[in-house]
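Just so you know, all these numbers are worked out from the coordinates, no wet-lab data involved. All values derive from a computational prediction rather than experimental measurement. Heads up, the Cβs are rebuilt from the backbone with ideal geometry, glycines too, and the neighbour counts pull from every protein chain shown.
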Ligand code: SF4
């Protein structure tokens, strides 16, 4: 109920990072945000919220908020700064970037970003105008999945039709902890109530797996092997859709002999699942007419990522589960709703710019997929040290923390020590800030406005500013416009007018931002019903993203991919071992007998965010390691003990959490710990040996990156031992 002294302002939450989040009402009293509640009218969440949203006020008013720009006055890593004005900060950045552009070329600038944000296209725009291709994205992004699906099925994403499915496979994803409360999870639970069979494939028995009819605790990083074994069953037991294969698939005849070596018995040795379980799930999926697969982020972080995704795409296609009711659906364009215009400037992203990308030699046709990957993020940092193919000299890092969020913590710190100019842009103090030359504070989502389209593809709403700003800072959007003007790029940045920029983005709707603000809960456009079997459109129409690619040349599902073949890659999906695993490096098992992987989202945290929020820390106070009680007891580790986890590459200190729903030879942690991690700080642990998982993985580009789509696996071998609980040294 609304208190008469409170103002009720509609906007939306983005605390888990999405471009457009759940609709919320913010209650403001005496100019302060006092509470939020879910917006019933929002097609995205229908009033439901996750725990993060309820921590909004603590986040907004955190003592760690950055309120003024800062300039480093101490040594790198020391964390000593002085306050400067917004204008002075922009002057310093612009002068340095222009000087470096002159001396080293525009490509010497890299912008590192978190997973896609509402301001991501502003970063691209800045880079395109400046002339650099070096955009890296820390996220466990969807690019790798988009690549594998697009080059096999002609569309980069396929939505599982949960509402009509009789069998749902959740594979390597987590609809309980990520996505909006009303997203996949509610529809999966409704389907379950209808009697739909639920199969969950993931190493840990998380809440969705606990609800499943079949849980497959696959060994981390081996989803590709499982998909290949399932293909073996489907083909050898003739469970495929002959009519679809004959009419719409290219290269099935070549797949048949190729797949023979990937028997379920072979799959058992790699995945840790029994051959019988692999057969059971392959049969269930293939024999259920309305069956869909949700392929999650685990596919983006495997060394054989492109192979794993192509194998799943082929599985969907040959079983006849493509773009049919209850199956995996290609997007249906909604003609009733225009799109918010992107500020990306893709039309000016020339081949000349792309060719300067830091990274491996990738055939031109695949390049649109390499930009902005997590490997590009890492490679931009690595080039500072290797100077290959040239040294990156300046990095701007908006909303991301390279020291905790990418692989090889030690090497990242070494790179930041050597980097000539480093700018951190954030709402809050973060783990990379001590190395920054300039720190730019930006507004939270409650202190800025912007237009967004989204929801179920039919909702347009303004993010409304809820409270006044508390210092000398602006929104992320305004920062890029202001910097553009200072650099002399004003014509491309609306001469610094954010209102003009937002009005330009709304042009397709024929309204202005001011008019949109008059619709407090946004404008809902008429939806459209899914159309099925859009095969001509999928296989024969080039996607704008792939305009430079030879696109599914046969106009059919590319089981045998001739584009891959022409460019020297295996045209059929194959198994590639991770850098370290029980089967790839059995010689390491004596010293490191357990497989380690991590998740990046828990019920309250996302990547490196939100650890400084007291309400969330009460729910999940410490960095944890999920360990089977049997494995822990063998090492005399009690539930809750601090433990050291050691791999061939590094170590971390976390709290053991007894977790019966995990195989005895697998342990899992949560990525992104540092911020607010007081307990470890008090014990003298630093970024390098604290709770960060990323220091434990291989960073050897020859072994650890998918050579084509540049995925970085998050899987290695470790041993776990009880930690010495006495402080290690003075605070690190
Ligand atoms: S899922 Fe949670 S954090 Fe994400 S937008 Fe919705 S309420 Fe906010």
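Just a few scattered comments:
- Ellipsoid fit via the Cα gyration tensor, segment 387-491: semi-axes of 30, 17, 16 Å, each the root of five times an eigenvalue, largest first.
- Inverse of mean 1/r across different Cα pairs in segment 422-546, Kirkwood, Å: 17.7
- Label zone at residue 64 (point 7 Å along Cα-to-Cβ), backbone N below 18 Å, segment 598-639: 600-624
- Residues of segment 421-436 with amide N under 20 Å of the 7 Å Cα→Cβ point at residue 73: 422-424, 429-430, 433-436
- Extension gain, residue 5 to residue 537, is 186.0 nm, computed as 0.36 nm per intervening residue step minus the present C-alpha separation.
- The chain - mean residue ellipticity at 222 nm from DSSP helices (-39,500 (n - 2.57) per run, n ≥ 4, rounded to 500): -8000 deg cm²/dmol
- With only Cα atoms counted, segment 37-140 has Rg and Dmax values of 18.9, 55 Å.
- In this entry, the chain is assigned a mean projected area of 29.9 nm², taken as a quarter of its C-alpha convex hull surface.
- Using C-alpha pairs below 8 Å separated by at least 6 residues, the relative contact order for segment 7-60 is 28 percent.
- Percent RCO, i.e. relative contact order, over segment 459-541, from Cα pairs under 8 Å lying at least 6 residues apart: 36
- Antiparallel DSSP beta bridges within segment 586-722, as percent of all bridges there, nearest 5: 65
- Cα gyration tensor of segment 586-722 - equivalent ellipsoid semi-axes, whole Å, descending: 23, 20, 14
- Label zone of residue 529 (point 7 Å out along Cα→Cβ, amide N under 16 Å): in segment 309-324 this covers 324.
- Summed over all non-identical Cα pairs, the Kirkwood treatment of segment 78-231 gives a radius of 19.7 Å.
- Of all DSSP bridge pairs formed entirely within the chain, close to 50 percent run antiparallel.
- Cα convex hull of segment 262-346 - mean projected area over all directions, nm²: 8.4
- Segment residue 630-residue 163, extension gain: residue separation times 0.36 nm, minus the distance between their alpha carbons: 164.2 nm
- Radius, Kirkwood style, for segment 620-666 when every pair of distinct Cα atoms is counted (Å): 10.9
- Rg/Rh for segment 7-60, where both radii come from Cα atoms and Rh is the Kirkwood radius: 0.94
- In this rough spin-label picture, where each label sits 7 Å from Cα along the Cβ direction, the residue 702-residue 83 distance is 5.3 nm.
- Extension gain from residue 347 to residue 620, taking 0.36 nm per residue of separation minus the Cα-Cα distance: 93.7 nm
- Take every pair of alpha-carbon atoms less than 8 Å apart whose residues are at least six positions apart; their mean separation over the length of segment 586-722 yields a relative contact order of 36 percent.
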